[in-house]
1. Among what's in the stretch 20-77 and is assigned to a strand (DSSP E or B) and under 23 Å from the mean Cα position of the chain (by Cα), pick the residue that is farthest from E117 (Cα to Cα).
2. Can you pull out every residue in the stretch 188-220 that is at pLDDT 85 or above, aromatic (F, W, Y) and assigned to a loop (DSSP other than H, G, I, E, B)?
3. Residues to consider are L46, L53, L60; find the one that is crowded, with 19+ Cβ neighbours inside 10 Å and in contact (Cβ under 8 Å) with a residue 40 or more places away in the chain.
4. Specify the residue that is surrounded by the fewest Cβ atoms within 10 Å (Cβ to Cβ); the eligible residues are those in the stretch 195-206 that are touching a residue at least 24 places away in the same chain (Cβ under 8 Å) and within 20 Å of P149 (Cβ to Cβ).
5. For Y189, indicate whether it is in contact with a Lys or Arg (Cβ under 6 Å, 6 or more places away or on another chain), crowded, with 17+ Cβ neighbours inside 10 Å and hydroxyl-bearing (S, T, Y).
6. Can you confirm whether the stretch 83-98 contains a residue that is surrounded by fewer than 17 Cβ atoms within 10 Å (Cβ to Cβ) and either in a helix (DSSP H, G or I) or modelled with pLDDT of 95 or more (or both)?
Amino acid sequence: MSVDERTPVRIGVVEDHAVMVAGLRNILAPHRELRIEAAAVTVKELLVQEVPLDLVILDLRLNDGSSPGDNVNKLREEGLRTLVYTSGEDPYLMRAAARAGAVGIVLKSEPPERVVEAVRAAAREDGELGTELALAIDGDEDFAVDLPPQLRQVLELYASGETAARVAHLMDIAEDTVTEYLKRIRRKYEAAGRPSGNRAELLKRAVEDGWLPIPRRRGR
């Protein structure tokens, strides 16, 4: 769609921090073609309002425990484009939203003009992927280690705490194959100058590259 005052972009915001919603309203207020029409603390609560919208600005971490991928999918089912608005500390969540079909990602630390630019781009059907979204999908080529799907699955399972025998059972492959895959994974990380000699280091690598979420502290 075009973005001008004759065809304003009708925006919904899903964010459970009122100060962030107020900040977005303040940033977009001077731009009459970008109108926040509704806000809610969850995707479900936004949709039940039945307000006509074109674009939803979505926070990744919501207190209802919903996943970014599920939220983006629900919005897509309603024909809504999604712009992720995030602090960017969790590449796993960013990657999940990107894979689910988010059309853009903008960091909360960006200056107001960059946020406006991201909203405009997300509203355009021919808008290009922003830098943050491209990195979320592909990983940082100068940092992230490229792993084939099967090696990545071994890394995700083993780094999450599964034994080699359990990984072999879950993937229906030989335990010796799992051991060999782990050696290959470690060689790839070592070649990139990123230590991965034990399970804890492998977990750190998987989190850094967005293959696993940041572990939550107990009691939270």
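1. A40
2. none
3. Sole residue among the options that is crowded, with 19+ Cβ neighbours inside 10 Å and in contact (Cβ under 8 Å) with a residue 40 or more places away in the chain: L53.
4. For the stretch 195-206, the residue satisfying everything is L203.
5. When the stated conditions are applied, Y189 passes them.
6. No: the stretch 83-98 contains no residue that is surrounded by fewer than 17 Cβ atoms within 10 Å (Cβ to Cβ) and either in a helix (DSSP H, G or I) or modelled with pLDDT of 95 or more (or both).
The values are calculated or read from the model by the stated rules, or taken from the named source; none is laboratory data. Computed from a predicted structure; not experimentally measured. Because the Cβ atoms are built from the backbone with ideal geometry, glycine has one as well, and the counts that use them run over all protein chains shown.
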